[in-house]
Each structure stands twice: as C-alpha cells, then as structure tokens.
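A.B. asks: Here it is, the structure, as structure tokens.
The values are calculated or read from the model by the stated rules, or taken from the named source; none is laboratory data. Treat the numbers as computed from the prediction; the structure is a model and nothing was measured. Glycine gets a Cβ as well: all are built from the backbone with ideal geometry, and neighbour counts include every protein chain shown.
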Amino acid sequence: MSDPLQSGERVYKGIAVSAGVCRGKVLVLHKAAVEVPHYGVEESGLAGQVERLQQALVETRQQILEVQHQVSQALNANDASIFDAHLLVLEDPTLIDSVTNLIYEKKINVEAAFHEFAEKYQQTLRAINDAYLQERATDMRDVTSRILDNLMGRRPQNEAQALAEPCILIAEDLPPSEVALLNRKNTLGFATDVGSKTSHSAIMARSLQLPAVVGLQGASQKIQSGATALLDGYSGLIIINPSDQTLFEYGQMSRRRAPLEEKLREMQLLPAVTLDGKQIVLSANIEQIGDLEAVKFHGAEGVGLFRTEYLFINRESLPTEEEQFQVYRQLAAELKPQPVIIRTLDLGGDKFLSHLKLPLEMNPFLGWRAIRFCLEEREMFRAQLRAILRASTTENVKLMYPMISGVGELDQANAVLEEYKAELRAEKIPFDAKIAVGAMIEIPSAALAADALARRCQFFSLGTNDLIQYSLAVDRLNERIAHLYEPTHPAVVRLIKLTADAAHTAGIWCGLCGEMASDPALTPLLLGLGVDELSTAPSLVPQVKLLIRRLNMQQAKALADFALNCESGKEILERSQALAKSAAPGLFANS
Ligand code: PEP
Ligand code: MG
C-alpha cells in the first residue's frame, strides 16, 4: 500500500479569504473527543451544581476578557470586538435558566446538563440554512467548549499555540479565539472546512496577513498531519504533495510579483495624480490609533474615515470626553497638516456595545443606529462632539456624521454641534471655528437629496458598503446573497454620480470611503464619476495610487459615460476592469 503522505498531488478548492501563498508541513488539528461525566445528584446537592455553573461562567468571562485584551494589543480593537459576541452568550439568561432547569428536572450534574443544552442549541443553529447563523454557531461552540473546560477543571488545550516548527494548520473549524492565539512565528497559514468571507476567523486572518482558505468542506478529514502542502490564499486552494510542476508554477508567480512589490513600495512618497494632472486625495480608513503607523507607512494622505465605534466597544463603560479628546488630538497632531476625518459614533447594525443593553431589533441595519441613536442619546453625543471640537485646534480635523437620511437629521446634528460650540466658547475652551463638517452618503434617500444636503455641509463621503446594501436590498453580511451585492449595479453608479455632481454644483468635495475605494479594478470608474477623494484600507493605498498614476481622466470619464448609459452591472465592471488592467497589468497578474 502506498504511503498516503507520499502519494500524488491532491488539490482541494475552498474560498480564498486572505491573500498570500505559503508552503510547508501540515498540522491537522483535531478536537479531542470530550468525555463528559454524567451522574445523578441528590436533591440537596442540586443548588451546589447551579452554583458551579455560575462560577464557571465567571471564570469563562475572565478568560474571554483576557483573550480580548491580548487581541486588541496584538491586532486591533476591531478584531477584539469579535469577543463581544462571546461575552453576550455568557450573559444570555436562556443559558442559565435552561441549564438550571435541566439540573433540577433530571437531577443530574452540571456538566451533563450543560453539555445537553449546548448540543441542542448548536444543532438548532446549524439546522437553519443561513451562513450568518452558522458562523454564530461557531462562536457559540467556542464559548461552550470553554465553559465545559472550566466546569471539568480542564485547561483549554491549544495545539496551535505550541507549534514547535513552521506549519500550515488545517482544521474543521478554527474559532476566532484560537486564531487570535495562534503562534505567529510558526503559523504559515491556515485552512478550514467551514467558514465564509465574513466569518470572524477570516477577518482576523486578513489583519494578521496570514494566507487563509476556508469552506473546504470536509478536507480536514482527508488530509493527514505531516504531509507537505502549498496554500494559495489568492485562489482558495490547498495543494497536498504539490508536484514539481506546481511548485515551479508558483515559483514563477512569486517571481512575477516581486517587481510589483518593489513598485508598490516606491509609491509611498509619490502623489496620487493622474497622467493628465488630476490630483486625487488618497487617504486611509482606520479603527484605532494603532493604525496610524500603517497610514504613514503606506503613504496615505491622512485619514478619510476614523471609525470611532471601536473606542466604545471592548470595554465596560463609555469613554469620557477627556479620553476621546486625547485620542483625537494625538491622531490630529501626528498627521498634521494632513486631514483627519472623524466619523461620529456609528453604533448599531453589526456593531454593538457589550455593556449597553440596546433593544434587540428585527432589522438592526434599518434600526435605531448611528446618527439616529446619537441624536437621542445626547450625553454620549455631547462628549464625542466636544472631544472632536477640542481636538480641532490643529486645524486638520474634520467631522463627519454617519447614516444621514435627509436634511432633517443633518440640520438637527448641525444645531446640536452649534450648541456645543457655544458651550466651549462660554467656557473659553479653544477649537477650530472653521472645522469642516461632512455627511456620509450611504442611504439612497441621501444621494437623491444630495443637492439639499450639499448646501448644509462642507463635504460628502460616500459610504458604499451601506449604500449598496440599501439600494439593492442586499444584506452586506449575508454570504448566501453575496452574488447580488453588486458595486457596479447601474443604480449604484447613478447614485454615486448624482452625489458627486450635487457636491460640485454646491462647491464642495465628494469622497468615497466604502470598500469600493480599495478595489483598483473600480478606480477608473470612480474617478470618471467625479469622486475627489478615495479612502481605503491602509495597506491597499499603494495599489490604488499606482493605478491613479497610470490613468488619464479623459478615459475615465468616457468609461463613466458608458456606465451611466449601460443597463448591466457586469458590463460596467468588465469595462472598468479592462481599463484598469490595460493601465497597470502587473496589479492584476494573480487575479
Ligand atoms: C460604508 O458604509 O461604506 C462605510 C464606510 O461605513 P461602515 O463600513 O463603517 O458602515
Ligand atoms: Mg456605513
């Protein structure tokens, strides 16, 4: 019989979620089978079992907070916020009530009762054919296995933390708490049977810049530890026992990428200007002060979107005005004279606070969120607006409201801002009296009312992540309908044009900070539609800059004219891609 480790090349195809290629030995992580003790308990001992549950929950909470802290230090607050969902599981009264009932009804030990509850809960979630809920089942399993470990006095074992040599990890599932604790030195990349682009583990992999493939559907059962593999995070492949031919081809690919990497490094100090002299402001989106380094390193011209929500989550209480002021001031001072656009709190949707009990809503993306929430929660808004104003003395701070749906909200927000400016004046606290105020255009009604909004603010920033989901009625988190989430849909293209035109007619500028800005294939289209500023993930600034420098506006405008008269989103995408590829073929060599 042939040795399976030595047999021929085998290729498994999954979903590419984090770019890069790595090669090395495979370590397949198997969850050790859990022997859960099951025994009867006398009536007098039942209360003690419930108490043990409470203790295990407290212990688990402490562990999760610790992991969360480690992640926010090692990665960023965005990634650490994933654990807010885990903490919520611990606070769920259904969990405590159901397990307590099982203990009393069946007169059994807490481990057995908890195990029964957790299995049932996960089965129910998994049975629902919904990619998002299945990801939540993964979160749930991560937490419940921790609770069980604590009940049984076991320290959670994580083979992946103790890697003795560089490995590609393969697992049925790698929950986010395990990805967060991966041994960074010896983990080359990872692949899992389950998962989607929006899964928390995938998000984490991108932050760690670890090549990753998910959705391999059972491959972990067929691959053995010790095999040699090549993981391709561009195409979503894991190749076991790669042949000489395959290795040669990947070697060629990496050699082809080397000059591109060199070119991208050269972009750092160059301006984002088209061949015919149109200057585009190319800035970066950030979530926390720690991202500043990357903004400077990749040559962004300031910050086009500071998502301040991440100052509010991962913590037990709200940040004070003073605390916020310190962060905003540091950001503004370090980037001066480059602009820093601070977006006011955009809570709700998929971003929530662990310590504030917000009502559960049927449609959180359409619910009590962002500016709607801030206009009602005045103390919270006041602290933030005052902190931003106080930080604006460096004269490079701009303030931006999220989720403006029409003039009513913008007028209200501006009136509140004026109130706090007056307060500061009375208190003799300095601020930039000319601070620019902008509105995010991310709701179709705002794009359609852009002419009126433009008369009430100093700039726009198109939030296409939301604008697309609201225009097309496609939930941006739902993998199942991801194919319908179409940035180049003719309706979206027209809304972008409408917004840019309205801005220019009123004499203000129009930026774009949704993910569309980070896709170089769409840069020609966005330039042609008249967008003045693009704000991308820091590491993607060089690619977009390279492309801008290879384009001319005449071609971009001709493309936009075509798009505005075209009925097919696919055709619009193809035309923009073709122009981008002809301008900078090297950028698209691996796609
Ligand atoms: C957007 O909606 O495009 C945007 C930039 O904001 P967020 O992704 O934070 O909703
Ligand atoms: Mg948004």
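A.B. asks: Sort out which residues of the stretch 389-431 are in contact with a Phe, Trp or Tyr (Cβ under 6 Å, 6 or more places away or on another chain) and buried (at least 20 other Cβ atoms within 10 Å of the Cβ), and write them in order of number.
C.D. replies: 389, 390, 391, 392, 413
A.B. asks: While we're looking at this one, here's another question. Out of curiosity, is residue 277 more than 16 Å from ligand 2 (Cβ to nearest atom) and either surrounded by fewer than 16 Cβ atoms within 10 Å (Cβ to Cβ) or at pLDDT below 90 (or both)?
C.D. replies: yes
A.B. asks: Now a separate question. Please pick out the residue among 421, 428, 398 that is closer than 20 Å to residue 295 by Cα, more than 16 Å from ligand 2 (Cβ to nearest atom) and of a type in the set (D, E, K, R).
C.D. replies: Of 421, 428, 398, the one residue that is closer than 20 Å to residue 295 by Cα, more than 16 Å from ligand 2 (Cβ to nearest atom) and of a type in the set (D, E, K, R) is 398.
A.B. asks: Something else: Those residues that are out of contact with any helix residue (DSSP H, G or I) (no Cβ under 7 Å at 6 or more places or on another chain) and more than 22 Å from residue 504 (Cα to Cα), I need them from the stretch 433-468; list them, please.
C.D. replies: 433, 466
A.B. asks: Give the residue that is nearest to ligand 1 (Cβ to nearest atom), with candidates limited to residues of the stretch 442-475 that are in a loop (DSSP other than H, G, I, E, B) and in contact (Cβ under 8 Å) with a residue 60 or more places away in the chain.
C.D. replies: The extreme case among them is 463.
A.B. asks: Moving on. Identify, by number, the condition in (1) touching a strand residue (DSSP E or B) at 6+ places or on another chain (Cβ under 7 Å); (2) within 16 Å of ligand 2 (Cβ to nearest atom); (3) of a type in the set (D, E, K, R) that residue 372 doesn't meet.
C.D. replies: Only one criterion is unmet by residue 372, namely (1).
A.B. asks: Only one of 482, 500 is at pLDDT 90 or above and more than 16 Å from ligand 2 (Cβ to nearest atom). Can you tell me which?
C.D. replies: Of the residues listed, the single one that is at pLDDT 90 or above and more than 16 Å from ligand 2 (Cβ to nearest atom) is 500.
A.B. asks: Which count do you get for residues in the stretch 455-468 that are within 13 Å of ligand 2 (Cβ to nearest atom) and surrounded by 19 or more Cβ atoms within 10 Å (Cβ to Cβ)?
C.D. replies: The number of residues fulfilling the criteria is 7.
A.B. asks: Only one of 574, 567 is surrounded by fewer than 23 Cβ atoms within 10 Å (Cβ to Cβ) and assigned to a helix (DSSP H, G or I); which?
C.D. replies: 574
A.B. asks: Just to be sure before I move on: is residue 312 within 16 Å of ligand 1 (Cβ to nearest atom), out of contact with any helix residue (DSSP H, G or I) (no Cβ under 6 Å at 6 or more places or on another chain) and over 23 Å from residue 510 (Cα atoms) in the structure I sent?
C.D. replies: yes
For (1) modelled with pLDDT under 85; (2) basic (Lys, Arg); (3) under 23 Å from residue 404 (Cβ atoms), each residue gets a yes or a no:
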site	(1), (2), (3)
326	no, no, no
330	no, no, no
341	no, no, yes
354	yes, no, no
364	yes, no, yes
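A.B. asks: Can you name every residue in the stretch 503-538 that is small (Gly, Ala, Ser), in a helix (DSSP H, G or I) and at pLDDT 95 or above?
C.D. replies: Of everything in the stretch 503-538, those that are small (Gly, Ala, Ser), in a helix (DSSP H, G or I) and at pLDDT 95 or above turn out to be 503, 521, 528.
A.B. asks: Might you check whether a residue that is surrounded by fewer than 24 Cβ atoms within 10 Å (Cβ to Cβ), acidic (Asp, Glu) and closer than 28 Å to residue 266 by Cα occurs anywhere in the stretch 519-539?
C.D. replies: Yes, that holds for at least one residue.
A.B. asks: Report yes if residue 287 is within 16 Å of ligand 1 (Cβ to nearest atom) and surrounded by fewer than 21 Cβ atoms within 10 Å (Cβ to Cβ), otherwise no.
C.D. replies: yes
A.B. asks: Do we find that residue 495 is over 22 Å from the mean Cα position of the chain (by Cα) and either under 18 Å from residue 576 (Cα atoms) or within 15 Å of ligand 1 (Cβ to nearest atom) (or both) in this structure?
C.D. replies: Yes; evaluated as a whole, the condition is true for this residue.
A.B. asks: Can you name every residue in the stretch 498-525 that is within 16 Å of ligand 1 (Cβ to nearest atom) and among the acidic types (Asp, Glu)?
C.D. replies: 515, 519 - these are the residues of the stretch 498-525 that are within 16 Å of ligand 1 (Cβ to nearest atom) and among the acidic types (Asp, Glu).
A.B. asks: Mind checking which residues of the stretch 388-428 are aliphatic (A, V, I, L, M), farther than 17 Å from residue 371 by Cα and in contact (Cβ under 8 Å) with a residue 40 or more places away in the chain?
C.D. replies: 389, 391, 397
A.B. asks: Here's a follow-up. Which one of the conditions (1) β-branched (Val, Ile, Thr); (2) touching a Pro at 6+ places or on another chain (Cβ under 6 Å); (3) closer than 20 Å to residue 511 by Cα does residue 393 fail to meet, given that it meets all the rest?
C.D. replies: Unmet for residue 393, out of (1) β-branched (Val, Ile, Thr); (2) touching a Pro at 6+ places or on another chain (Cβ under 6 Å); (3) closer than 20 Å to residue 511 by Cα: (3).
A.B. asks: For the stretch 539-556, does any single residue satisfy the condition of being modelled with pLDDT of 95 or more, hydroxyl-bearing (Ser, Thr, Tyr) and away from ligand 1 (no atom under 16 Å from the Cβ)?
C.D. replies: no
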